[in-house]
Amino acid sequence: MFNPMSNRPMTTPQFPQHVATLPNAITVVGIELRTSNSVAAQTIPPHWQRFTQEAVLASLPVKRNDDVLAVYTHFEHAGRNNTGLYSLVIGAAVAADAPVPAGMVRVVVPASQRAVFGVETGRFDLVGAAWQTIWQRSDLAKTFIAEYEQYHANGNITISIGLFPATMPA
């Protein structure tokens, strides 16, 4: 592709990947949206606006750190695919027994093998493209149990996908 504004060819961004073990479950408390891929472009941006407007991160006094986690879970076809309804919970990691403020929910990312994709630091605009790349990857045995975006306090962005252990890529 060619970008007429820069006189240079445009390239598709690369999303470096590695496989890692999440040794312990992550408990996340935040606000929930029930949506599907067919309407996600219309429903997810307002959900992020709500997260910001309601200062959800600041209202969680017992969070483990200042990272924001956006957890995709409760898939209608868990274990098979991401078609149908799923929940997006935007919040922060907390202790497993942390209280859940009114209007929020608790979800758990289980300990698991994961494919972790890096998104260029501070480039929130590339997260959607990263997801498109991830969902097109047929070589990853995705669990469709709990996937998450992690917006690290230092600006780094990662996307973590659960993998079935017996069929992990090398």
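The values are calculated or read from the model by the stated rules, or taken from the named source; none is laboratory data. Being a predicted model, the structure only gives us computed values, none of them experimental. For neighbour counting, all protein chains shown are included, and Cβ atoms are generated from backbone atoms with ideal geometry for every residue, glycine included.
Within segment 23-37, if we keep just the residues that are of a type outside the set (S, T, N, Q) and surrounded by fewer than 17 Cβ atoms within 10 Å (Cβ to Cβ), the residue that is nearest to residue 113 (Cα to Cα) turns out to be 23.
Within the option set 102, 40, 58, being more than 23 Å from residue 20 (Cα to Cα), of a type outside the set (Lys, Arg), at pLDDT below 95 and surrounded by 17 or more Cβ atoms within 10 Å (Cβ to Cβ) holds for one residue only, 40. When the test is whether a residue is part of a loop (DSSP other than H, G, I, E, B) and modelled with pLDDT under 90, residue 154 does not pass it. Considered as a group, the residues in segment 61-99 that are aromatic (Phe, Trp, Tyr) and under 13 Å from the mean Cα position of the chain (by Cα) include one that is surrounded by the most Cβ atoms within 10 Å (Cβ to Cβ), and that residue is 72.
Whether a residue is farther than 22 Å from residue 155 by Cβ, of a type in the set (Gly, Ala, Ser) and in contact (Cβ under 8 Å) with a residue 24 or more places away in the chain was assessed, and residue 138 does not pass this test. Within segment 43-54, residues that are without any contact (Cβ under 8 Å) to a residue 60 or more places away in the chain sit with their Cβ atoms under 9 Å from residues that are part of a loop (DSSP other than H, G, I, E, B) and surrounded by 14 or more Cβ atoms within 10 Å (Cβ to Cβ), at 6+ positions apart or across chains, in these pairs: 50/56; 51/57. Screening the candidates 96, 70, 92 for the property of being more than 25 Å from residue 41 (Cα to Cα) and either in contact with a strand residue (DSSP E or B) (Cβ under 8 Å, 6 or more places away or on another chain) or modelled with pLDDT of 90 or more (or both) yields one hit, 96.
Within segment 121-129, identify whether any single residue is at pLDDT below 95 and either in contact with a Gly (Cβ under 8 Å, 6 or more places away or on another chain) or farther than 24 Å from residue 33 by Cβ (or both), and answer yes or no. Checked against the condition, which is being at pLDDT below 95 and either in contact with a Gly (Cβ under 8 Å, 6 or more places away or on another chain) or farther than 24 Å from residue 33 by Cβ (or both), segment 121-129 yields at least one hit.
With the requirement that a residue be over 24 Å from residue 154 (Cα atoms), of a type in the set (S, T, N, Q) and not in a helix (DSSP H, G or I), what does segment 102-135 give you? Selection gives 112, 113.
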